[in-house]
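To keep things clear, I will list the structure first and then write my remarks on it.
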Amino acid sequence: MAEQHGKALVPQIRFAGFTDPWEQRKLGEELGFLRNNTLSRAELSDSEGTVFDIHYGDVLIKYGSVLDAEKADVPRIANDAVANRQTCDCLQDGDVIIADTAEDSAVGKCTELCNSAGKKVFSGLHTMPLRPMRKYASGYLGHYLNSPAFHDQLLPLMQGIKVISVSRSAIEDMTMSVPSVAEQASIGAFFDRLDSLITLHQRKYDKLCVLKKSMLDKMFPKGGSLYPEIRFAGFTDPWEQRKLSELVEIERGGSPRPIERYITDDPCGLNWVKIGDAPELGRYITQTTEKIKPEGLAKTRQVYPGDLVLSNSMSFGRPYIMAIKGCIHDGWLLIRDAQKHFDPIFLCHMLGAPQMLNQYRMFAAGSTVNNLNKELVGKAIVSLPSKDEQREIGIVLDRLDSLITLHQRKLELLRNIKKSMLDKMFV
């Protein structure tokens, strides 16, 4: 994270024009501790009250390194009388809030407050509010205190097993690496732009996911209707309703046991399709991490390109299209459209539509095992239009999936860039 030049510390990556070494200072001499309150989340409101309260759970989960009090969703102290009785300090622009308690090593996560409008903001339960005692550029402290350079110092100071915490005295004795205010400003502006890009793509991704969910709900008939709410021009015929088992073959996978005896490194082995081989993005299974010996075929279920597989776990239950030949274990259901009633992309989307998932849950209600099985899936009622309409629906939903995947990949790329920069731009 840093290079040593004699006794000088400099980051691996820095902006042109900055060459001076960073200074190391004691945190307790740079940041002064303020008073927080101990109101629980139950005493806060999303809309009532005039005093805002930054709760540790929101610091850990919801807020980034910089929190704009004007734009962010900050809870309020529900009762103004309760708020007025608090003896905690009112936070200013540039103050930082550290969450001192968590259930994992996220303890110590920090957010820097942007409060240029001067809202009345308190720091809440399990937080440590601090105020810089000298000038720091906006955005620098929030990102630095969340960087590996600072967090790695914090790890040995954490205490507890189920609930982890860090003490004020421990944090006071930590060291901080501080560049010039001008370099701080460049770093803060860089991460602000990066965070804005991440937020932009997150919003686009979220909107597309909502749109996809709405289309799945409205492009398939529901409530016994033979007509969807939304359909393409030129299609007016009612959809046909049938039991899924009347239209496709449904079989459970199988596992040769003990499986360790059948796993092979031979490239001529059979592709062994596990849940982990299903891609996070996209709907096609294109490769497997393991293969099994051909003699295991008699104890498993073979699948071919074009077949659909569905995890039999109710917590997963997402359908995939096989792009390779392989074998599936008993955690999968095979769905084969041998009679070619369906466009495969349409069928894949239909099996994951809310109308199908709701039927699965209804059929499984009261069962001691909350898993999908051949009989449960087979008795689900499906609605199918003409092949031409199926293809049109499949094309639209696939395009939506492609856009969702595009923004998800951009998000991952930007987050990886930020992670790398946090590691290399601080000492």
Legend entry - Dipole axis of the chain (+1 Lys, Arg; -1 Asp, Glu on Cβ), positive-most option in Thr300, Ala182, Ser214: Thr300
Inset, instruction - May I ask you to derive the relative contact order of the stretch 14-178, considering only C-alpha pairs under 8 Å and at least 6 residues apart, and to give it as an integer percent? - result: 33 percent
Legend entry - Net +/- balance of residues flanking Tyr304 in space, Cβ distance below 13 Å, scoring K and R +1, D and E -1: -1
Inset, instruction - Find the lysine pairs in the stretch 14-178 meeting two conditions, Cα atoms under 23 Å apart and a separation of 8 or more places or different chains, and report how many there are. - result: 16
Inset, instruction - Rounding to the nearest 20 debye, state how big the charge dipole of the stretch 240-384 is about its Cα centre with +1 on each Lys and Arg Cβ and -1 on each Asp and Glu Cβ. - result: 260 debye
Inset, instruction - Mind putting together the pair-distance distribution for the stretch 240-384? All Cα pairs, 10 Å bins, whole percent per bin, short to long. - result: 12, 43, 33, 12, 1
Legend entry - Dipole of the chain, positive direction: furthest Cα of Gly378, Gly94, Tyr63, with charges on the beta-carbon: Gly378
Legend entry - Mean ellipticity per residue at 222 nm, deg cm²/dmol - from DSSP H runs of n ≥ 4 across the chain, formula -39500 (n - 2.57): -9500 deg cm²/dmol
Inset, instruction - Could you tell me which of Ser45, Phe33, Gly139 has its Cα farthest along the dipole of the chain towards the positive end, charges placed at Cβ (Lys, Arg +1; Asp, Glu -1), taken about the Cα centre? - result: Ser45
Legend entry - Within the chain, longest stretch clear of exposed GluC sites (Glu not before Pro) (DSSP loop, no more than 13 other Cβ within 10 Å): 281-427
Legend entry - If the convex hull is drawn through the Cα atoms of the chain, its volume per residue in Å³: 225 Å³
Legend entry - Kirkwood Rh, angstrom, the stretch 302-427 [1 / mean 1/r, Cα pairs]: 17.0 Å
Inset, instruction - Based on a Kirkwood Rh over C-alpha pairs, give the Stokes-Einstein translational diffusion coefficient of the stretch 14-178 at 4 °C and viscosity 1.567 mPa s in µm²/s. - result: 80 µm²/s
Inset, instruction - May I ask you to derive the relative contact order of the chain, considering only C-alpha pairs under 8 Å and at least 6 residues apart, and to give it as an integer percent? - result: 17 percent
Inset, instruction - Can you tell me the order of 92-101, 269-278, 73-82 when each peptide is scored by its average per-residue count of other Cβ atoms within 10 angstrom, highest first? - result: 92-101, 269-278, 73-82
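Each value in this text was obtained by applying a stated rule to the coordinates, not by laboratory testing. Since the model is a prediction, treat every value here as computed from it, not as a measurement. Glycine gets a Cβ as well: all are built from the backbone with ideal geometry, and neighbour counts include every protein chain shown.
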